[in-house]
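Taking it in order: structure first as structure tokens, then the write-up.
The values are calculated or read from the model by the stated rules, or taken from the named source; none is laboratory data. Since the model is a prediction, treat every value here as computed from it, not as a measurement. As a convention, Cβ positions derive from the backbone with ideal geometry for all residues, glycine included, and neighbour counts pool all protein chains shown.
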Amino acid sequence: MTGQAGRPEVGVAPREADLLTEQLRLLRRRTGMTLVTLANRTSYSKSSWGRYLGGKALPPR
């Protein structure tokens, strides 16, 4: 879902991407999970989670 330099692809509304990033951050805070915990519990790396939570990339569908 990302284009060049980790930017969201064309067709993804910037506001929707921002809302998704905000919700992911809230869920992470609420659960108290670290990036390492997220990586261990999912198929995505710690660095990928950092990009998703930082708004630099959208998570895959």
| Number of positions in the range 14-44 that are touching a Leu at 6+ places or on another chain (Cβ under 9 Å) and not in a helix (DSSP H, G or I) | 2
| task | Report, by residue number, each residue of the range 1-36 that is at pLDDT 85 or above and within 15 Å of residue 60 (Cβ to Cβ). | result | 17, 20, 21, 24
